[in-house]
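Read the figures in this text as sums done on the coordinates, not as results from a lab. Predicted model only: the values in this text are computed from it and were never measured. All Cβ positions, glycine included, derive from the backbone under ideal geometry; neighbour counts span all protein chains shown.
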Amino acid sequence: MKLLAGLSAAQLAVHLQAARTGIRHRVPVELPFATGNPDTVARDMWTMGSGMSAPWPLLALHAAGTTALFVRDRLWLRRAIGGLGAWYVVWYLLERNVRESFRRPNERTPSHASAVGLSAAMAVVGLTRRR
């Protein structure tokens, strides 16, 4: 399933760039049920992530799963990567700055659109395609 591995790798690259931007511009998590602090975004990347990216441990698991998928195609791994893509879509759309950038396009909109689109593609390919 090289298509899924490629989509996952591209989404991970977008995620890493978004993490860099989130830390650099101090974009805190702003979910309906949790809000971060702009002064602690770098530290929060270990637990909650930033307003633009998932936390480091989740990105590490994403990288490990993507690498494993490039090495050997496993059904459970495809489903896990697909589920992660679906999970990412939900969390991106819960994030206030993502919703705001879609309502009023700004310099972050292309990154958010890429992340949501690649995550959705991961979900569709990982959860629906068969061998």
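Taking amide H as placed 1.01 Å from N in the peptide plane, G36 has its amide H under 5 Å from the amide H of V29, E30, L31, each at least 5 places away in sequence or on another chain. How big, in percent, is the set of alpha carbon pairs in the range 60-131 lying more than 14 Å apart? Counting every Cα pair in the range 60-131, those more than 14 Å apart make up 62 percent.
Above 22 Å, the calculated P(r) of the chain contains 33 percent of its Cα-Cα pairs. Hydrophobic, long helices, defined as DSSP H runs whose alpha-carbon span along the helix axis is 18 Å or greater and whose mean Kyte-Doolittle value is at least 1.6, do not occur in the chain. Think of the range 2-128 as having a plus end and a minus end, set by charges on the Cβ of Lys, Arg, Asp and Glu; of T21, A123, G6, G6 sits farthest toward the positive end of this dipole.
At 0.36 nm per residue, minus the direct Cα-Cα distance, what do T40 and R103 gain on full extension? Give it in nm, one decimal, please.
20.0 nm
Applying both filters, DSSP loop and at most 13 other Cβ atoms within 10 Å, to the GluC sites (Glu not before Pro) of the range 62-131 gives E107.
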